[in-house]
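Below you'll find the structure, written out as structure tokens, and then a few comments.
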Amino acid sequence: MQNVATTDGEVGLAADGTVTADAKPARNRRDRRAANKAKKMLPGADYNKRHGLKLFLLVAPLLVMVVLFSYLPLFGWIYAFYDYQPPIPLSESEFVGLQWFQLLVQNPAQLTKIGQVLMNTFAMSGLNILTSFFPVIFAIALNEIRAKWFKNLIQTLTTLPNFISWVLVYSIAFAMFSSSGMINELLQNLHLITEPIKFLDSGDHVWLKMLLWNLWKGLGWGSIMYLAGIAGVDQELYEAAQADGANRFQQIWHVTIPQLLPTYFVLLMLSISNFLNNGMDQYYVFQNNFNQKWIEVLDLYVYNVGLGNSSLSLGTAISILKSLVSVALLFIVNWLSKRTRGEGIV
């Protein structure tokens with residue numbers, strides 16, 4: 001039996017694997033540390049519980065932030081059941097129950113407006129989902145660049161737009177594509193056009209324009225996760241493919257892409273669950289009287305109704321329905337993923 005000295009005695013390991021304790025004085029700090037470790041192995045020691053508590057304390061601040069910023073604001077849903085007019089306190093506002101929800105389906109003009117808004121939302125989200133494989137292709141192409149300096153340069157230049165606000169993006173767009181912008185000035189000086197092309201103040205091809213701006217801003221950032229996935233691919237798979245005579249394109253098709261598909265499907269499911277959440281910043285800065293009919297997505301419509309028309313209760317009612325539909329989409333997509341792929345995200 002081996003003995004480890006402790007302050008209270010010695011902890012020993014018997015021949016049958018059991019831990020025993022003898023009463024002998026400890027000698028030094030190293031022995032005491034070894035004894036403490038041995039005590040944790042004693043029958044009945046609650047080491048795993050203490051370790052789990054430490055891990056929980058590490059994530060506790062994040063959980064508190066989630067509650068404060070994601071769940072606590074849900075208390076604001078109560079405004080959808082009152083006829084709230086600021087600055088009158090909510091306690092003095094009239095309780096109207098489901099009046100605002102009924103207004104959404106009983107008013108023909110409101111239904112027509114919401115129909116147009118939903119069509120814009122579905123179009124924008126659908127185009128974003130259809131082009132969701134672009135970051136995968138870009139990441140693979142970027143990974144194939146052998147010159148490291150050139151690869152870093154391209155990755156930096158394509159990632160930087162993600163950190164530019166949409167207000168600044170619109171400023172760039174206005175300087176380049178307005179009626180008096182650089183592009184129109186250049187085309188007129190070259191005598192290619194006689195009248196300025198209305199890139200921004202026109203309702204033509206609005207969905208495509210917003211898609212292109214979104215791709216320009218988010219392509220490099222969206223490829224980062226796939227680049228990380230490529231870096232984590234086992235190199236023995238490539239070596240085995242090379243041994244079988246596979247060229248570079250065949251290695252991409254049979255090794256890289258299959259290894260990236262799980263990540264792609266997870267991000268795709270999250271995109272589908274957020275089908276109604278297009279965001280507001282991009283469409284808010286690009287909207288004008290010429291394109292508002294085709295650019296007003298659901299998030300922008302909620303903002304225009306709530307703050308633009310000072311109807312916070314109606315805007316809250318629309319936001320509630322949007323959130324409930326998004327949660328339903330998440331569970332539907334997760335169920336389909338489990339049925340088809342055998343795994344989901346929830």
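General remarks:
- Remark: region 164-176, residue by residue, has Karplus-estimated 3J(HN,Hα) of 8, 5, 5, 5, 5, 4, 5, 4, 5, 4, 5, 5, 9 Hz, where x stands for each Gly or Pro and the curve is 6.51 cos²θ - 1.76 cosθ + 1.60 at θ = phi - 60°.
- Accessible surface, per residue, of region 179-238 when the full set of protein chains is kept, probe 1.4 Å, Å²: 61
- Put a plus charge on the Cβ of each Lys and Arg, a minus charge on the Cβ of each Asp and Glu, and nothing anywhere else: the dipole of region 187-346 about its Cα centre is then about 380 debye.
- Ligands, DNA and RNA left out, the 1.4 Å accessible surface of the chain is 65% carbon and sulfur atoms.
- When the chain is treated as a Gaussian network with alpha carbon springs shorter than 10 Å, the biggest mean-square fluctuation among F150, F286, F265 belongs to F150.
- Relative contact order for the chain, counting Cα pairs under 8 Å that sit 6 or more residues apart, in percent: 18
- Within the listed set P135, P262, P87, the Gaussian network model of the chain (springs between alpha-carbon atoms below 10 Å) gives the highest mean-square fluctuation for P87.
- Accessible-area value, Y82, 1.4 Å probe, nucleic acids and ligands omitted, Å²: 50
- Distance cut-off 29 Å, percentage of C-alpha pairs in the chain lying past it: 64
- Cut-off under 5 Å, modelled amide H: who pairs with Y82 long-range: V96
- Exceedance of the 27 Å cut-off in Cα-Cα distance is limited, within the set K113/K217; K209/K322; K198/K293; K293/K322; K148/K217, to K113/K217.
- For region 137-151, putting each phi into the Karplus relation 6.51 cos²θ - 1.76 cosθ + 1.60 with θ = phi - 60° gives couplings of 4, 5, 5, 5, 5, 5, 5, 7, 6, 8, 6, 5, 5, 6, 5 Hz, in residue order, rounded to whole numbers and with x for Gly and Pro.
- For the residues V67, V167, V325, a GNM of the chain with alpha-carbon springs under 10 Å puts the largest fluctuation on V67.
- Among S132, S70, the sequence by solvent-accessible area, most first, with a 1.4 Å probe is S70, S132.
- Note that region 96-113 has calculated 3J(HN,Hα) couplings of 10, x, 9, 4, 5, 5, 5, 4, 5, 10, 9, 8, x, 5, 5, 5, 5, 5 Hz, one per residue in order, obtained from phi through the Karplus relation 6.51 cos²θ - 1.76 cosθ + 1.60 (θ = phi - 60°); glycine and proline are x.
- Once all protein chains are placed together, D234 keeps about 80 Å² accessible to a 1.4 angstrom probe.
- Note on region 85-129: semi-axes of the ellipsoid equivalent to its C-alpha gyration tensor, largest first and rounded to whole Å, are 31, 15, 8.
- Translational D in µm²/s for region 95-245 (Stokes-Einstein at 10 °C, 1.306 mPa s, Kirkwood Rh from C-alpha pairs): 80
The values are calculated or read from the model by the stated rules, or taken from the named source; none is laboratory data. Source: prediction; values computed, not measured. Cβ sites come from the backbone with ideal geometry, for glycine too, and all protein chains shown count toward neighbours. Calculation scope for accessible area: heavy atoms of the full protein, side chains included, ligands and nucleic acids excluded. Shrake-Rupley method; radii C 1.70, N 1.55, O 1.52, S 1.80 Å.
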